[in-house]
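Undergrad: Would you mind keeping the following structure in view while I ask a few things?
The values are calculated or read from the model by the stated rules, or taken from the named source; none is laboratory data. Here the structure is a predicted model, which is why all the values come from computation and not from measurement. Here Cβ is always computed from backbone atoms with ideal geometry, including for glycine, and neighbour counts include all displayed protein chains. The protein model used for the area step is the full one, side chains on, heavy atoms only, and it has no ligands, DNA or RNA in it. Shrake-Rupley method; radii C 1.70, N 1.55, O 1.52, S 1.80 Å.
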Amino acid sequence: MPVTMNEPLNVLQHLCEELEYSDLLDKAAKCEDKFDRMVLVAAFAVSSYGATYHRAGQKPFNPILGETYECIREDRGFRFVAEQVSHHPPVSACHCDGENFEFWQDTHYKNTFWGRTLEIVPIGKVNVRLKSHETVYQWKKVTSCVHNMLTGNRWVEHYGDMQITGGDVTCKLNFMKGSYWSSKKGDFKGVVCDRDGEVVRQLHGRWFEGLFCGLGSKSHCVWRTGAMPPDFEKYYGFTRFAIELNEIEPGQEQLLPLTDTRFRPDQRLLEEGDVDQASTEKQRVEEMQRERRKQRELNDTEYKPIFFCKVGDEKADDEAAERWVFKGDYWKMRRDGFASNEKIPKLW
């Protein structure tokens with residue numbers, strides 16, 4: 001696939017981008033009412049789609065097997081790490097430790113091309129633990145669809161049912177399927193229910209605008225998308241948060257493993273506008289990955305990720321039965337220094 005089809009971010013960074021509104025989880029952790037906590041978690045789940053509204057034009061880079069990405073945001077009170085743990089199927093795993101929450105997921109996608117549209121069905125669960133209440137919330141992402149893949153203006157929609165569980169409280173959200181000109185484009189509605197299934201909160205909104213709780217004049221805004229930066233159309237439709245994901249702070253180069261996405265040459269060259277060299281580097285990086293795979297097959301060795309390990313039943317019918325769990329040693333290795341660590345492979 002030509003590099004011009006890509007944006008200068010990759011799938012691992014997209015997982016981190018889902019934390020743009022992590023303040024919702026901070027608020028949830030400090031909320032005493034369990035139903036209002038669920039409303040805030042639901043708003044966080046919906047917010048992960050907000051940045052996609054202006055991003056249908058290009059796709060993220062596919063991570064190389066073993067590629068990593070870290071993001072430490074002291075201003076937001078979290079540290080995040082992700083790793084590409086499998087190539088066939090391509091599985092990305094991540095873990096985030098925040099002051100008030102823990103967030104983790106592993107995901108891969110089933111893609112179906114319908115001629116003019118690309119339907120993307122995510123496999124896996126998103127998990128959030130609120131530290132103050134020790135409640136774990138889980139949900140599966142809904143289907144995404146990119147329209148006008150070959151001609152016309154591309155646009156994206158998300159549709160399907162999402163059920164969020166957390167203790168004895170459940171939230172059910174329905175993302176409605178619409179059309180480019182539909183007045184219901186982006187609409188969703190939902191309810192928060194108690195253990196007996198009784199509705200205690202009503203939710204509605206648009207995934208690219210915000211989430212509201214209540215009905216009619218009593219409805220109030222729980223979450224709203226932030227303002228887009230100036231000239232965002234010229235820069236892949238990135239939000240302010242997305243723009244910051246590729247930055248390397250002064251002194252950070254010596255702390256990051258060489259597998260970090262920000263060192264990937266083709267992605268960096270595309271960001272800098274050197275399309276021809278980015279295309280050449282993309283082919284080289286992908287060829288190196290194929291050669292490593294050939295060597296593993298010749299030596300009959302199995303690839304093992306560095307920072308995540310697989311648990312669960314490989315023979316189960318449910319594809320989400322297998323999970324990738326964060327080992328927790330990334331941050332220790334970081335303190336000790338990645339430069340002298342022989343486990344870190346050369347990917348490009």
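Undergrad: Of the conditions (1) in contact with a helix residue (DSSP H, G or I) (Cβ under 8 Å, 6 or more places away or on another chain); (2) β-branched (Val, Ile, Thr); (3) more than 17 Å from His14 (Cα to Cα), Thr117 clears all except one; give me its number.
TA: Just one mismatch for Thr117, condition (1).
Undergrad: Moving on to the next point. What strands (runs of 3 or more DSSP E) completely inside the stretch 48-117 contain at least 1 residues that are open to solvent by less than 10 Å² (accessible area, probe 1.4 Å), closer than 20 Å to Thr239 by Cα and out of contact with any Asp or Glu (no Cβ under 6 Å at 6 or more places or on another chain)?
TA: 59-61, 68-73, 78-87
Undergrad: In the stretch 1-20, which residues are surrounded by 18 or more Cβ atoms within 10 Å (Cβ to Cβ) and in a loop (DSSP other than H, G, I, E, B)?
TA: Listed by number, the residues that qualify are Glu18, Leu19, Glu20.
Undergrad: Out of the residues in the stretch 195-206 meeting the condition of being in contact with a strand residue (DSSP E or B) (Cβ under 9 Å, 6 or more places away or on another chain) and open to solvent by 40 Å² or more (accessible area, probe 1.4 Å), tell me which one is farthest from Met38 (Cα to Cα).
TA: Start the filter on the stretch 195-206 by keeping residues that are in contact with a strand residue (DSSP E or B) (Cβ under 9 Å, 6 or more places away or on another chain), which leaves 195, 197, 199-206.
Filter again for open to solvent by 40 Å² or more (accessible area, probe 1.4 Å), leaving 195, 197, 199-202, 204, 206.
On the way: Arg195: 13, Gly197: 14, Val199: 13, Val200: 11, Arg201: 9, Gln202: 12, His204: 14, Arg206: 18 Å.
Here the answer is Arg206.
Undergrad: In addition: Could you go through the stretch 21-44 and let me know if any residue there is in contact with a Ser or Thr (Cβ under 6 Å, 6 or more places away or on another chain), within 22 Å of Glu157 (Cα to Cα) and not in a helix (DSSP H, G or I).
TA: Checking the stretch 21-44: at least one residue is in contact with a Ser or Thr (Cβ under 6 Å, 6 or more places away or on another chain), within 22 Å of Glu157 (Cα to Cα) and not in a helix (DSSP H, G or I).
Undergrad: Still on this structure: Between a residue in the stretch 330-348 that is among the β-branched types (Val, Ile, Thr) and any residue that is modelled with pLDDT of 95 or more and open to solvent by less than 100 Å² (accessible area, probe 1.4 Å), which pairs come within a Cβ distance under 8 Å, given they are 6 or more apart or on different chains?
TA: Partner pairs satisfying both residue conditions: Ile344/Pro257; Ile344/Thr259; Ile344/Ile306.
Undergrad: For the stretch 169-187, indicate whether the set of residues that are open to solvent by 20 Å² or more (accessible area, probe 1.4 Å) and in contact with a His (Cβ under 8 Å, 6 or more places away or on another chain) is non-empty. Let's see the steps before the verdict.
TA: First, the residues of the stretch 169-187 that are open to solvent by 20 Å² or more (accessible area, probe 1.4 Å): 170, 172, 174, 176-185, 187.
Then keep just the ones that are in contact with a His (Cβ under 8 Å, 6 or more places away or on another chain); that gives 180, 187.
Looking for residues that are open to solvent by 20 Å² or more (accessible area, probe 1.4 Å) and in contact with a His (Cβ under 8 Å, 6 or more places away or on another chain), one finds at least one in the stretch 169-187, hence yes.
Undergrad: Checking the condition more than 25 Å from the chain's Cα centre (by Cα), open to solvent by less than 90 Å² (accessible area, probe 1.4 Å) and under 30 Å from Leu203 (Cβ atoms), which residue from Gly226, Gly216, Gly237, Gly251 passes? First the steps, then the outcome.
TA: Working: Gly226 fails: more than 25 Å from the chain's Cα centre (by Cα); Gly237 fails: more than 25 Å from the chain's Cα centre (by Cα); Gly251 fails: under 30 Å from Leu203 (Cβ atoms).
Checking each option against the conditions leaves just Gly216.
Undergrad: Across the stretch 29-45, which residue is nearest to Ile64 (Cα to Cα) among those that are touching a strand residue (DSSP E or B) at 6+ places or on another chain (Cβ under 6 Å) and among the aliphatic types (A, V, I, L, M)?
TA: Out of the qualifying residues, it is Ala45.
Undergrad: Further question on the same structure: How many of the residues in the stretch 118-169 are polar (S, T, N, Q) and not in a strand (DSSP E or B)?
TA: Residues meeting the conditions: 4.
Undergrad: Being farther than 18 Å from Gly186 by Cα and surrounded by 19 or more Cβ atoms within 10 Å (Cβ to Cβ) is the filter; apply it to the stretch 28-47 and report the residue that is nearest to the chain's Cα centre (by Cα). Please lay out each step first, then the result.
TA: Our first condition is that a residue be farther than 18 Å from Gly186 by Cα; within the stretch 28-47, this holds for 28-41.
So of that shortlist, the ones also surrounded by 19 or more Cβ atoms within 10 Å (Cβ to Cβ) come out as 28-29, 37-41.
On the way: Ala28: 20, Ala29: 21, Arg37: 22, Met38: 20, Val39: 20, Leu40: 18, Val41: 16 Å.
Step by step, filter the stretch 28-47, then rank; the result is Val41.
Undergrad: Just name the residue that is farthest from Thr52 (Cα to Cα) out of those in the stretch 194-227 that are touching a His at 6+ places or on another chain (Cβ under 7 Å) and assigned to a loop (DSSP other than H, G, I, E, B).
TA: Gly214
Undergrad: Sticking with this one: Asp97 versus (1) farther than 23 Å from Leu258 by Cα; (2) without any contact (Cβ under 8 Å) to a residue 40 or more places away in the chain: which is the lone unmet condition?
TA: (1)
Undergrad: Considering only the stretch 328-348, state which residues are of a type in the set (D, E, K, R) and either surrounded by fewer than 15 Cβ atoms within 10 Å (Cβ to Cβ) or in contact with a helix residue (DSSP H, G or I) (Cβ under 7 Å, 6 or more places away or on another chain) (or both).
TA: Within the stretch 328-348, Asp329, Lys332, Arg335, Asp336, Glu342, Lys343, Lys346 qualify.
Undergrad: Can we say Phe232 is surrounded by 15 or more Cβ atoms within 10 Å (Cβ to Cβ), without any contact (Cβ under 8 Å) to a residue 12 or more places away in the chain, in contact with a His (Cβ under 8 Å, 6 or more places away or on another chain) and hydrophobic (A, V, I, L, M, F, W, C)?
TA: The answer is no for Phe232.
Undergrad: Right, something else. Inside the stretch 134-160, can you point out the residues that are crowded, with 17+ Cβ neighbours inside 10 Å and under 18 Å from Arg37 (Cα atoms)?
TA: Matches in the stretch 134-160: Thr135, Tyr137, Trp139.
Undergrad: Let me ask another. If we keep just the residues of the stretch 254-284 that are in a helix (DSSP H, G or I) and of a type in the set (Ser, Thr, Tyr), which is surrounded by the fewest Cβ atoms within 10 Å (Cβ to Cβ)?
TA: Thr280
Undergrad: Also: Right, Arg323: at pLDDT below 95, of a type in the set (D, E, K, R) and open to solvent by 90 Å² or more (accessible area, probe 1.4 Å) or not?
TA: yes
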